[in-house]
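The values are calculated or read from the model by the stated rules, or taken from the named source; none is laboratory data. Everything numeric here is computed off the predicted structure, so don't read it as measured data. Cβ: placed from backbone, ideal geometry, glycine included. Neighbour counts: every protein chain shown. Side chains are part of the model used for accessible areas, which takes the heavy atoms of the whole protein and leaves out ligands, DNA and RNA. Shrake-Rupley method; radii C 1.70, N 1.55, O 1.52, S 1.80 Å.
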Amino acid sequence: GKEDSEFINCKQNQNLIYFFKGTLIITTPLLFHKSETLEIFNNLHFDISQNILISNEFLILFILTSFFANIFISMKQHIDIKSLLIMDFISILILNYFLSPILAFTVYFCFLHSIRHCFKLSNELNKNNFVKGIKEFIIKAIPLTILTAIMFLISLLLLKNYYFLDSAISKVIFIGLASLTFPHILLEYLIEKNE
């Protein structure tokens, strides 16, 4: 939840609030498409089907807590920020209600989460000219993007020999996400800690 709120200039340490804000990404697919989401977890060898935290009552409680976390984060903010946080919350609910869990997460990750992060990095690359910052960001991102695509295809071709195509794609996606997410979170934490 913290990275999705970086556009807010908030100096307070609110990690628990950000955690509750971020639970929406996990709880909504479990509430709206429980069997499909549990199948994804099972494909990754995580059986959470008997966990009490995935009962509808707990999931609704987590979603409400996420809503109130958004309200809390936006308390001392301008109406534009409040509106953005509420629209973000509602868009995640709508995505997960109408789309399958993987598609909903893909749309969220590519078009809500990553776009914000790209804009932030572009602004950091060139604080005076956002368009030049975007161009610089794209130039720096292209080699890694091509390398990632090549590794995805190679991994998919190798795993296709052992699993059905759908299962192989799921495994490559989640292995890739885990490989990218952990270093990304660690780097963000270290940068924040050393500022």
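What's the total number of residues in segment 56-71 that are surrounded by 12 or more Cβ atoms within 10 Å (Cβ to Cβ), over 20 Å from Gln14 (Cα atoms) and over 19 Å from the mean Cα position of the chain (by Cα)?
Residues meeting the conditions: 2.
Count, please, the residues in segment 103-121 that happen to be more than 20 Å from Phe62 (Cβ to Cβ), modelled with pLDDT of 80 or more and open to solvent by less than 50 Å² (accessible area, probe 1.4 Å).
1
Here is a check on your reading of the model: is Leu44 closer than 30 Å to Ile169 by Cβ, touching a Phe, Trp or Tyr at 6+ places or on another chain (Cβ under 7 Å) and in contact (Cβ under 8 Å) with a residue 24 or more places away in the chain?
Considered against the rule, which asks whether it is closer than 30 Å to Ile169 by Cβ, touching a Phe, Trp or Tyr at 6+ places or on another chain (Cβ under 7 Å) and in contact (Cβ under 8 Å) with a residue 24 or more places away in the chain, Leu44 comes out as yes.
Of all residues in segment 91-102, how many are in a helix (DSSP H, G or I), open to solvent by less than 60 Å² (accessible area, probe 1.4 Å) and hydroxyl-bearing (Ser, Thr, Tyr)?
1
Out of the residues in segment 122-132 that are charged (D, E, K, R) and at pLDDT 85 or above, state the one that is least open to solvent (accessible area, probe 1.4 Å).
Here the residue is Lys132.
For Arg116, all conditions in the list (1) in a loop (DSSP other than H, G, I, E, B); (2) in contact with a helix residue (DSSP H, G or I) (Cβ under 7 Å, 6 or more places away or on another chain) hold save one; what is the number of the exception?
Looking at each condition in turn, Arg116 falls short on (1).
Leu147 - would you say it is modelled with pLDDT of 75 or more, surrounded by fewer than 13 Cβ atoms within 10 Å (Cβ to Cβ) and over 20 Å from Ser114 (Cα atoms)?
No; evaluated as a whole, the condition is false for this residue.
Which pairs have Cβ atoms under 9 Å, sit 6 or more apart or on different chains, and link a residue in segment 139-151 that is among the charged types (D, E, K, R) to one that is surrounded by 10 or more Cβ atoms within 10 Å (Cβ to Cβ)?
Listed by first residue and then by second, the contacts come to Lys140/Leu121; Lys140/Leu125.
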